[in-house]
Amino acid sequence: MRQGDPISPFLFVIVVEALSCMIRKACDLGLLKGVTLPNDGPNVSHLFYADDAIIMGEWSKENILNVVRILKCFYACSGLHINFVKSNLFGLGLNMGEVDVMAEVVGCRAAALPFKYLGLTIGANMNLISNWRPVFDIFEKRLALWKASFLYIGGRVTLIRSVLESLPTYFFLYIGP
């Protein structure tokens, strides 16, 4: 099997499902503590999108080291190497010194909010107009591709609705550089 083979994305999804099961099992056993959402919400420990993963949980050395152990075990089972050099560690409500120390233990980079993920800014104040600029730019670029000035008002409204409705799909499917 080679990269680019039509069946390889399907096989990758199956293998990453095994990683998801490993993380879920670690949570069930109490080895990993995820983030409990308010109002009796679920406990979230990981999110996957294509080949990106966000693993989240309580800030403790034991919790973070257990994540590293799970990832190393996943590598041993699947052969898929986790690139810690390209990985980031975030600590919400912590000083950067603490995050730096733990990132050095893990072997990854320490990072702070806000950051870009899949083309969207995470952790920014979305009440500021400037943080919506990327969305506006995409909207403007898509409308510029059409000759909107040649459309009647009904056609313009339909075009604007179509572009606005497709923006969430664009951002969910966009993988930035």
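Overview of results
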{"read-out": "Trypsin sites (Lys or Arg not before Pro) within the stretch 1-51, DSSP loop, no more than 13 other Cβ atoms inside 10 Å", "value": "2"}
{"read-out": "The stretch 53-144 shape via C-alpha gyration tensor axes, a/c threshold 1.5", "value": "oblate"}
{"read-out": "Calculated from backbone phi, Karplus (6.51, -1.76, 1.60) coupling profile of the stretch 46-51 in Hz, x at Gly/Pro", "value": "7, 9, 10, 9, 6, 9"}
{"read-out": "CD proxy at 222 nm, helix term only [per DSSP H run n ≥ 4: -39500 (n - 2.57); per residue of the chain; nearest 500]", "value": "-16000 deg cm²/dmol"}
{"read-out": "Carbon + sulfur, % of accessible area of the stretch 4-150 - ligands and nucleic acids excluded, 1.4 Å", "value": "62 percent"}
{"read-out": "Solvent-accessible surface ranking, highest first, for 84, 12, 136, 74 at 1.4 angstrom", "value": "136, 12, 84, 74"}
{"read-out": "Per residue accessible area of the chain, 1.4 Å probe, in Å²", "value": "72 Å²"}
{"read-out": "Label-point separation in nm, residue 18 to residue 116, each point 7 Å along Cα→Cβ", "value": "3.4 nm"}
{"read-out": "Under 5 Å, built H, 5+ apart or other chain: amide partners of residue 89", "value": "109, 110, 111"}
{"read-out": "Under-5 Å amide H pairs with residue 35, H placed in peptide plane, nonlocal only", "value": "44, 45"}
{"read-out": "Distance (nanometres) between label positions extended 7 Å along Cα→Cβ at residue 47 and residue 92", "value": "1.0 nm"}
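The values are calculated or read from the model by the stated rules, or taken from the named source; none is laboratory data. Because the structure is a prediction, the values reported are computed rather than measured. Glycine also receives a Cβ, built like all others from the backbone with ideal geometry; neighbour counts cover every protein chain displayed. To get the accessible areas, we keep the full protein, side chains included, count just its heavy atoms, and leave off ligands, DNA and RNA. Shrake-Rupley method; radii C 1.70, N 1.55, O 1.52, S 1.80 Å.
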